[in-house]
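The values are calculated or read from the model by the stated rules, or taken from the named source; none is laboratory data. Treat the numbers as computed from the prediction; the structure is a model and nothing was measured. For neighbour counting, all protein chains shown are included, and Cβ atoms are generated from backbone atoms with ideal geometry for every residue, glycine included.
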């Protein structure tokens, strides 16, 4: 059975800072049964979008809520943070992105 949290990489296609939502064209998730698609996600807690821009490649983690929706609990811009993104080696075990 799939878990409640998953991690994926993708590219930000739009940001809505006022509503705390980000749309990501992402690959398949590790940890949950979700394939590649473009999807809008809400943010959990006090997570902010201030350091993110449209077009950024990101690593992000989502958690499924009681209502069944997936919310971003962690997100990291690969261009801005490179290898400092959490678990980048897990997401890219054989071929990390160029820095």
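Looking only at the range 30-41, filter to residues that are touching a strand residue (DSSP E or B) at 6+ places or on another chain (Cβ under 8 Å) and modelled with pLDDT under 95; which one of those is farthest from residue 61 (Cα to Cα)?
Residue satisfying both the conditions and the ranking: 34.
Failed condition for residue 9, given (1) more than 12 Å from the chain's Cα centre (by Cα); (2) surrounded by 17 or more Cβ atoms within 10 Å (Cβ to Cβ); (3) over 11 Å from residue 62 (Cβ atoms), with all others met?
Unmet for residue 9, out of (1) more than 12 Å from the chain's Cα centre (by Cα); (2) surrounded by 17 or more Cβ atoms within 10 Å (Cβ to Cβ); (3) over 11 Å from residue 62 (Cβ atoms): (1).
Exactly one condition in (1) surrounded by 12 or more Cβ atoms within 10 Å (Cβ to Cβ); (2) over 19 Å from residue 82 (Cβ atoms) is not met by residue 48; state its number.
Failed condition: (1).
Go through the range 65-86 residue by residue and tally those that are under 12 Å from residue 7 (Cβ atoms) and in contact with a helix residue (DSSP H, G or I) (Cβ under 9 Å, 6 or more places away or on another chain).
Number satisfying all stated conditions: 2.
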